[in-house]
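What follows is a single structure, written as structure tokens, with notes after it.
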Amino acid sequence: MAAENATPATGRRLAVLGAGVMGTGIAALAIGHGMAVSLADLDRRRLDEAPARIDHQVRTARLMGALPGGREPGALVTGLSLADLMADGTRFTAVVEAVTEDPDTKAKVLADVSALVAPGTPIISNTSAIPIGELARATARPAELVGTHFMNPPCLIGTVEVVRGARTGEPTLDALRALLAELGREAVVVDDAPGFVTSRILHPMINDAARVVAEGTASAESVDRLMQGCLGHPTGPLRTADLIGIDNLVDSLRVLHDRTGDEGSRPCALLLEMVAAGHLGRKSGRGFYTYEYEGDQA
Amino acid sequence: MTMSSDRAVPGPLGDEPDVETGLLRFLELRTGRAWSADTDVFGSGGLSSLFAMELVVHLERTYGVSVRGADLQMENFRTVRRMTDLVARLRRTPADGTGG
Ligand SMILES: NC(=O)c1ccc[n+]([C@@H]2O[C@H](COP(=O)([O-])OP(=O)(O)OC[C@H]3O[C@@H](n4cnc5c(N)ncnc54)[C@H](O)[C@@H]3O)[C@@H](O)[C@H]2O)c1
């Protein structure tokens, strides 16, 4: 685990918590830009699969010309907890949490992180919808918490939504800007609110697209083809849903619905049925579409 | 790598008829239309560039090669002939375990 192959002291190192869709994607982005990564997940299976998934994403990004040339990939260390990864004295440039979109889970993880890392280390939440001000209550130093909504796949989407909580400090934002510049991402900084900008707009729209399919108005293919062909959406809302992961989509919609009361954000029956059936999108090989490779690759 | 010891000395680049036929079949199955060995698969009306990684995975799983480092570029996957050339070259050069 951590102690055997960590390279502490010099260089920039990102800690990433959660080795799911986004945790592995963010790790791939950092590694592809030459930054070392320490990755934690309490699910041993996720952790064991992570190196191959990250490698797949780094290679995809390289193939697409989305990574800077001539840079050695950063090293990857994995562990079951942040405490494990820090046991040998490793310190981090920043910590990104990308654990399950559940307010209680995130609060607990963020409380642990702020108790463990050195003061002054930016703590970044990749939440899709939970207000940063709400999460900040769980941390020891609210000024050091900032939201950064990487989109999936992080290596291929150049813009990130940065969420400034009411208590987020200017030094934290500056450190984050420097980190994102190093990772070749363009930051758009917005204020705090449930779902911020992108999820507030996108998630209810995907929910509606699923309702259209459930009501029998059109197939998923037709919905996506219309949204692509007529409205310029890059992949269509239901392909996007499969890419996000239907379980995460439902979690984020619940967060939005609980905090805004907007009925358009109440997860529709079809999405709930898909989660119950394990049709989670690309990550499970089946969602609105079926996928031959992604189920076991990335 | 798996390569039988009595295999003939490989011919010039691209001389892998089974690979070429296999790739044409794979593309046809995946896209529902016929392709020729020299058609730009990512050209207008062709495949999304994201499909390139699927081609990489397919080559690796089907032909026992590993595509790493500088070989990971779209130009190598643009036509069936180029993919066939790549497989031929990678089969001749044993993986050295580096790259990435
Ligand atoms: N999927 C997307 O497209 C997307 C895009 C932007 C943001 N997000 C957000 O990113 C976060 C992660 O989403 P995801 O899609 O990767 O989810 P996921 O379900 O794929 O992965 C979540 C991971 O967190 C792990 N985890 C749970 N509790 C943990 C803990 N206490 N400590 C360590 N690991 C823990 C789980 O084992 C799992 O591997 C969520 O907040 C989500 O809303 C997702």
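Scanning the range A:178-212 for residues that are more than 24 Å from A:Ala66 (Cβ to Cβ) and among the charged types (D, E, K, R) turns up A:Asp191, A:Asp192, A:Arg200, A:Asp208, A:Arg211. Could you list, in sequence order, the residues of the range A:255-288 that are of a type outside the set (Gly, Ala, Ser), surrounded by fewer than 17 Cβ atoms within 10 Å (Cβ to Cβ) and farther than 16 Å from A:Arg211 by Cβ? Within the range A:255-288, A:Asp258, A:Thr260 qualify. Residues that are more than 12 Å from the ligand (Cβ to nearest atom), in the same structural domain as A:Leu183 (by TED's automatic domain parsing), among the β-branched types (Val, Ile, Thr) and open to solvent by less than 30 Å² (accessible area, probe 1.4 Å) occur at least once in the range A:68-77. For the range A:180-190, the count of residues that are under 19 Å from A:Ala30 (Cβ atoms), under 18 Å from the mean Cα position of the chain (by Cα) and either open to solvent by less than 10 Å² (accessible area, probe 1.4 Å) or near the ligand (Cβ under 10 Å from one of its atoms) (or both) is at least one. Taking A:Ile31, is it closer than 27 Å to A:Leu280 by Cβ, aliphatic (A, V, I, L, M) and within 13 Å of the ligand (Cβ to nearest atom)? No, not satisfied. Any residue at all in the range A:78-86 that's surrounded by fewer than 23 Cβ atoms within 10 Å (Cβ to Cβ), under 23 Å from A:Gly158 (Cα atoms) and either outside the structural domain of A:Gly147 (by TED's automatic domain parsing) or of a type in the set (Asp, Glu) (or both)? No: zero hits.
Within the range A:48-70, the set of residues being within 11 Å of another protein chain (Cβ to nearest Cβ) and part of a loop (DSSP other than H, G, I, E, B) comprises A:Met64, A:Gly65, A:Ala66, A:Leu67, A:Gly69, A:Gly70. Among the candidates A:Thr198, A:Thr240, the residue that is within 14 Å of chain B (Cβ to nearest Cβ), open to solvent by less than 60 Å² (accessible area, probe 1.4 Å) and within 14 Å of the ligand (Cβ to nearest atom) is uniquely A:Thr240. Being within 15 Å of the ligand (Cβ to nearest atom), open to solvent by less than 10 Å² (accessible area, probe 1.4 Å) and in the same structural domain as A:Pro73 (by TED's automatic domain parsing) narrows it down to one residue among A:Gly165, A:Gly158, A:Gly147; which is it? Only one candidate passes the filter, namely A:Gly147.
The values are calculated or read from the model by the stated rules, or taken from the named source; none is laboratory data. These figures come from a predicted structure and were not determined experimentally. Reconstructed Cβ throughout: ideal geometry from the backbone, glycine too, with neighbour counts over all protein chains shown. The accessibility values were calculated without ligands, DNA or RNA, using every heavy atom of the protein model including side chains. Shrake-Rupley method; radii C 1.70, N 1.55, O 1.52, S 1.80 Å.
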